[in-house]
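Have a look at the structure below, then the notes.
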Amino acid sequence: PSVLTNRLLEERMGGVIPLDLLVPRPLGPAALAYSPERMGAVDRLTQRLRGMPGVLNATSATDAIRTLSPALRGVPDAEILGLIPTGLLLAPDVMREWVDDSRHLQRIRLRIGNLNTRETLALVDRVATAYEEELGESATGRVTGQGVLGQLVNHRIVDHFSHGFVVGTGLVLLILLLAFRTFKLAIASLLP
């Protein structure tokens, strides 16, 4: 039932696992965080993330500002992307989900399909690579959120139990060797 529920959510509601890509402001004045060039790069990154395998949806502040376009009538489309501060003033409830105006931190929200741990961690690496290529900043963006944390916990649990199984099997084999004093009997009794 939970797999069927996840598939329904994935197909009908835009994804089941949320990831957030946090985009800090570049070095320099705060106004650089919202320059048309930077917002254009954020918009290109968002478009690129939408096309990645495993990503069902990606939204950013550039999408939110476009929803305000009726309030910004007469502004050319190329200039709308540089109006994030204006959007924060006109519609703070809409924009605050995407922009932290005190730290000038932006968010790109991704919804991904129900991927296994290896696929999710590979997707996180591809997102980080796309971030570096589009914004030209290495390792300043951070992928976070429930999806990443859940998959990292899953990875650690499996890794922990795998090591525990190997160590436990080795210790039981050692005890059986001491008890039976022959390797063949120890191996034979280890199987059951």
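The values are calculated or read from the model by the stated rules, or taken from the named source; none is laboratory data. Predicted model, so just to flag it, every value in this text is computed and none were measured. Every residue, glycine as well, gets a Cβ built from its backbone with ideal geometry; the counts of neighbours run over all protein chains shown. The accessibility values were calculated without ligands, DNA or RNA, using every heavy atom of the protein model including side chains. Shrake-Rupley method; radii C 1.70, N 1.55, O 1.52, S 1.80 Å.
Brief remarks on what is shown
- Tally of residues being under 14 Å from the mean Cα position of the chain (by Cα) and modelled with pLDDT of 80 or more across region 122-144: 13
- Scanning region 49-92 for residues that are modelled with pLDDT of 75 or more and over 17 Å from residue 39 (Cα atoms) returns 51, 52, 53, 54, 55, 56, 57.
- Verdict on residue 126 being under 30 Å from residue 18 (Cα atoms), in contact with a Leu (Cβ under 6 Å, 6 or more places away or on another chain) and touching a residue at least 40 places away in the same chain (Cβ under 8 Å): no
- Residue match in region 147-155 (condition: closer than 20 Å to residue 38 by Cα, modelled with pLDDT under 80 and touching a strand residue (DSSP E or B) at 6+ places or on another chain (Cβ under 8 Å)): no
- The residue that is farthest from residue 108 (Cα to Cα), among those in region 32-52 that are open to solvent by 30 Å² or more (accessible area, probe 1.4 Å) and in contact (Cβ under 8 Å) with a residue 24 or more places away in the chain, is 36.
- Selection of region 137-192 for residues being open to solvent by less than 100 Å² (accessible area, probe 1.4 Å), part of a loop (DSSP other than H, G, I, E, B) and not hydroxyl-bearing (Ser, Thr, Tyr) yields 137, 139, 141, 145.
- Checked against (1) at pLDDT 90 or above; (2) over 22 Å from residue 116 (Cα atoms); (3) not basic (Lys, Arg), residue 163 passes all but condition (2).
- Residues being open to solvent by less than 30 Å² (accessible area, probe 1.4 Å) and more than 12 Å from the chain's Cα centre (by Cα) - total across region 53-64: 4
- Residue 119 satisfies every condition listed in (1) more than 30 Å from residue 156 (Cα to Cα); (2) modelled with pLDDT of 80 or more; (3) of a type in the set (Asp, Glu); (4) out of contact with any helix residue (DSSP H, G or I) (no Cβ under 8 Å at 6 or more places or on another chain) except (1).
- Matching residues, region 86-136, being in a loop (DSSP other than H, G, I, E, B) and open to solvent by 60 Å² or more (accessible area, probe 1.4 Å): 96, 97, 101, 102, 103, 114, 116, 136
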